[in-house]
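Reading through the structure tokens given below for one structure.
The values are calculated or read from the model by the stated rules, or taken from the named source; none is laboratory data. Predicted, not measured: the structure shown is a model, and the values here were computed from it. In this analysis, Cβ positions are derived from the backbone assuming ideal geometry, glycine residues included, and neighbour counts consider all displayed protein chains. The accessibility values were calculated without ligands, DNA or RNA, using every heavy atom of the protein model including side chains. Shrake-Rupley method; radii C 1.70, N 1.55, O 1.52, S 1.80 Å.
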Protein chains: 2
Amino acid sequence: MTTGLGDSPARASYRHGDLRRALIEAGVDLAGEGGPSAVVLREATRRAGVTPSAAYRHFADRQALLDAVCSSCQALVARAIEADQARIHTTDATDAARLRFRAVGTGYLRFALEEPGRFQTAFSASSDLESATSSARAGERGLTPFQLLTVALDDLVTEGLLSTEHRPAAEFLAWSAVHGLAELFIDGPLRALPDPVKQTLITRVIDMVEQGL
Amino acid sequence: MTTGLGDSPARASYRHGDLRRALIEAGVDLAGEGGPSAVVLREATRRAGVTPSAAYRHFADRQALLDAVCSSCQALVARAIEADQARIHTTDATDAARLRFRAVGTGYLRFALEEPGRFQTAFSASSDLESATSSARAGERGLTPFQLLTVALDDLVTEGLLSTEHRPAAEFLAWSAVHGLAELFIDGPLRALPDPVKQTLITRVIDMVEQGL
DNA sequence: CTTACATGTGCACAACGTACACATATCAGT
DNA sequence: ACTGATATGTGTACGTTGTGCACATGTAAG
């Protein structure tokens, strides 16, 4: 019998309390250390001070755990975007809308560069359009990254910066460009670029989107 | 002793002949069936009719095999681009340059949709800018996908369709947008979209790039 | 207080990557 | 042609992973 000695404070009770949450948190940590493939079920249970089998009381399989971790990571992306948007101080509504839109891109890419592992994990699990709006993936304002982008684009239309004609599907165009750059940065050919160059590219990609939409 | 009976024609010789190539080919097949994670060393050796250990005479480890498979898959991407470019019939040089540029995008995305597993594998292994120009990743013309894009952009400049001012780093902007769309298609939220809608998005993203560069 | 349920344990199994000693095919130089 | 040296494949073994199942133990309901 493995007594569980060696685990942190050695669970007071036989029950864990909130194993589901603990496993997700361990998973998010692992994701930060090594990306989606590092989200290993056994290691997560180890960190939660629990037997591998215990995980199956809360997740159907490893993929289900990874999905949950992925949702948590998307929530972190949402927070990164919100943080960049919160830095905006403008009285001009039109300018504010434009900057909020750009902040979606900068926040997204800043997170990708600061937390590559968690970023990759956030978009590793196949999600469809419904799950892209699930509340588990939302930030403080209760909006997912995708929803933050949608809102920002709607505001562009409201402010007359984007014609209603070009509005449809604009989120996918913008998302493609920014997400693609993130991929090239993280494990694409742009990985080794010095940071200032990366910043320049970020600006230019967002310029391209703004101009090309 | 596992005689190897059950393997296809049961190797004539004790030596395989070209195991390295056979393993890569098996790997490319596996990639097509299940993406990068399906490129399993043991399964590749099984398909080559050989013991798992034999692979280590040709590859340092699984990652080395995956790298080689990745290069092969990039070569397939190059061929897909070349195929789209070959369909162009125009006497006007300016028009041709523009269409060749767009064909880089359409070929890239067509391959991503037709062969999602191999496409993902092509860009799964971390490659830097040098390896993006390695000949193992080239198509018939001896150019990698990245090089095909670079050439297409240079031609745009030659034809006066792109100012030299905007030329620098343009490949990364274009690549970001197209690659990002591919990701959204393959295991992103756009996976379930009907094909005609996908085609429309492809056109619009390339429009965006052309206009926003 | 007992019975049901939820949750964690222990053990087992197959698959994977990989290491190492061994066997055999091929080639170089005498 | 004989003899090493070298290249390449075999056999076996070990640790790790995901996962299933019988069992145990807390917690709650009657």
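Odds and ends about this structure:
- Crossing angle, helix B:145-158 versus chain B [Cα axis fit, 0-90 degrees, rounded to tens]: 20 degrees
- Once exposed loop trypsin sites (Lys or Arg not before Pro) are cut out (DSSP; at most 11 other Cβ, 10 Å), longest piece of chain B: B:88-213
- Mean residue ellipticity, 222 nm, helices only, chain A: the sum of -39500 (n - 2.57) across DSSP H runs of n ≥ 4, divided by residue count and rounded to 500, is -19500 deg cm²/dmol.
- Shortest-first nm distances, residue A:141 label point to equivalent points in other copies (7 Å, Cα→Cβ): 4.5
- Vicinal HN-Hα couplings computed from phi for the stretch A:131-142 (Karplus, 6.51 cos²θ - 1.76 cosθ + 1.60; Hz; Gly/Pro x): 5, 5, 10, 6, 5, 5, 9, 8, x, 5, 7, x
- Across identical copies of the chain, residue B:191 has label-point separations of 2.5 nm, listed in ascending order, with the point defined 7 angstrom from Cα along Cα→Cβ.
- On full extension, the segment bounded by residue B:165 and residue B:114 gains 14.8 nm, given 0.36 nm per residue less the C-alpha separation.
- Panel note: contact residues of the stretch A:180-194 (accessible area lowered by at least 20 Å² against the chain on its own; 1.4 Å probe) correspond to A:180, A:183, A:184, A:187, A:189, A:190, A:191.
- Rounded if a/c under 1.5, otherwise prolate or oblate - the protein assembly as shown, Cα gyration tensor axes: oblate
- Separation in nanometres of the label points that stand 7 Å from Cα toward Cβ, at residue A:43 and residue A:151: 3.5 nm
- The stretch A:141-182: C-alpha gyration tensor shape, a/c 1.5 cut-off, then a/b vs b/c: oblate
- Residue among A:29, A:195, A:84 with the largest mean-square fluctuation in a Gaussian network model of chain A, springs linking Cα atoms under 10 Å: A:195
- The stretch A:62-101 shape via C-alpha gyration tensor axes, a/c threshold 1.5: prolate
- Rounded to 10°, Cα long-axis angle of helix B:170-186 versus longest principal axis of chain B: 60 degrees
- For the chain pair B and A, the interface hides roughly 2900 square angstrom of accessible area in total, found with a 1.4 Å probe.
- Within chain A, longest stretch free of exposed GluC sites (Glu not before Pro) [DSSP loop, at most 13 other beta carbons within 10 Å]: A:1-129
- Based on every Cα atom in the stretch B:1-146, Rg and the maximum pairwise Cα distance Dmax equal 18.0, 67 Å.
- Theoretical gain in end-to-end length, residue B:130 to residue B:88 [0.36 nm per residue, Cα-Cα removed]: 12.1 nm
- Share of carbon and sulfur in the accessible heavy-atom surface of the stretch B:72-212 [1.4 Å probe, %]: 51 percent
- Between residue A:18 and residue A:200, the contour length at 0.36 nm per residue exceeds the alpha carbon distance by 61.1 nm.
- Normalised by the number of residues in the stretch A:25-117, the mean separation of alpha-carbon contacts (under 8 Å, six or more apart) gives a relative contact order of 30 percent.
- The stretch A:75-212, accessible area per residue, ligands and nucleic acids excluded (1.4 Å, Å²): 41 Å²
- Residue of A:162, A:193, A:99 that the Gaussian network model of chain A assigns the largest fluctuation, springs spanning Cα pairs under 10 Å: A:193
- Computed from Cα atoms, the angle from the helix A:195-212 axis to the main principal axis of chain A rounds to 60 degrees.
- When the stretch A:52-131 is reduced to its Cα atoms, the Kirkwood hydrodynamic radius in Å: 14.3 Å
- Restriction of the chymotrypsin sites (Phe, Trp or Tyr not before Pro) in the stretch A:12-78 to DSSP coil positions whose beta-carbon has at most 10 other beta-carbons within 10 angstrom yields A:14.
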